[in-house]
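**Q** Pasting in a structure now, in structure tokens, and then I'll have a few things to ask.
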Amino acid sequence: MHLMVMRYCYLLFALISSLLLPAQTEPPPPPPAESPGACGFYLRDVQPVFQVDSCLHLPLDKQRECGQAFMVDYIYSHLRWPRPDTCVEGMVIIGWYIEVDGSVSELSIVRGIEEGQDKVSIMVIADLLQLYPWRPGYQNGRPVRVRYNMPVKWRLE
């Protein structure tokens, strides 16, 4: 008998609570559609691109890969050991900012290994950055300032 009363109480509670709860509301409307940018495509969280002339005909993601490959080839074809007796191997990390207009600022050594190799690394990168412009990074459709780091590996062969 006691179990039967508990079941009825439970059913009565479930019925009353379902009547008192507000009805399901409709889901919120989707966010407004973005309008395409000046180039006819949507810009959202796009990394900067080193704009090499030979890569400009490619899609944006391929331009980025092509520009990075050009940078690596340029750096390693122009690196020269500062002194013949220097036998220090390691990695120099050079950092800079790509501004909203695509210009480069604050070129600096993030991590160095030896003064001569640090200077040669930063000179080669500085020369490279003067060759071609950057397409700035975008976030939510607006150009933003982006920090860029480039490792330069020094190895004896």
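The values are calculated or read from the model by the stated rules, or taken from the named source; none is laboratory data. Predicted model only: the values in this text are computed from it and were never measured. No Cβ is skipped: glycine too gets one built from the backbone with ideal geometry, and neighbour counts run over all protein chains shown.
**Q** Out of all the residues in the stretch 89-99, is one or more surrounded by fewer than 17 Cβ atoms within 10 Å (Cβ to Cβ) and over 22 Å from Glu157 (Cβ atoms)?
**A** The answer is yes, given that some residue of the stretch 89-99 is surrounded by fewer than 17 Cβ atoms within 10 Å (Cβ to Cβ) and over 22 Å from Glu157 (Cβ atoms).
**Q** Filter the stretch 118-152 down to the residues that are surrounded by 15 or more Cβ atoms within 10 Å (Cβ to Cβ), over 18 Å from the mean Cα position of the chain (by Cα) and at pLDDT below 85 and list them by number.
**A** Leu128, Leu129, Tyr132
**Q** Moving on to the next point. Which one of these is over 21 Å from Ala126 (Cβ atoms), modelled with pLDDT under 75, aliphatic (A, V, I, L, M) and in contact with a strand residue (DSSP E or B) (Cβ under 8 Å, 6 or more places away or on another chain): Leu60, Leu43, Leu19? Spell out the reasoning first.
**A** Numbers: Leu60 fails: modelled with pLDDT under 75; Leu19 fails: in contact with a strand residue (DSSP E or B) (Cβ under 8 Å, 6 or more places away or on another chain).
Among Leu60, Leu43, Leu19, only Leu43 is over 21 Å from Ala126 (Cβ atoms), modelled with pLDDT under 75, aliphatic (A, V, I, L, M) and in contact with a strand residue (DSSP E or B) (Cβ under 8 Å, 6 or more places away or on another chain).
**Q** Can you say whether Ile109 is β-branched (Val, Ile, Thr), more than 23 Å from Leu60 (Cβ to Cβ), touching a residue at least 40 places away in the same chain (Cβ under 8 Å) and outside any loop (DSSP other than H, G, I, E, B), as far as the supplied structure shows?
**A** Working: β-branched (Val, Ile, Thr): yes; more than 23 Å from Leu60 (Cβ to Cβ): yes; touching a residue at least 40 places away in the same chain (Cβ under 8 Å): no; outside any loop (DSSP other than H, G, I, E, B): yes.
Here the answer is no, as Ile109 does not meet what is asked.
**Q** Additional query: Please state which one of Asp73, Asp101, Asp118 is out of contact with any helix residue (DSSP H, G or I) (no Cβ under 7 Å at 6 or more places or on another chain), without any contact (Cβ under 8 Å) to a residue 60 or more places away in the chain, part of a loop (DSSP other than H, G, I, E, B) and not β-branched (Val, Ile, Thr).
**A** Details: Asp73 fails: part of a loop (DSSP other than H, G, I, E, B); Asp118 fails: part of a loop (DSSP other than H, G, I, E, B).
Asp101 is the lone residue from the list that is out of contact with any helix residue (DSSP H, G or I) (no Cβ under 7 Å at 6 or more places or on another chain), without any contact (Cβ under 8 Å) to a residue 60 or more places away in the chain, part of a loop (DSSP other than H, G, I, E, B) and not β-branched (Val, Ile, Thr).
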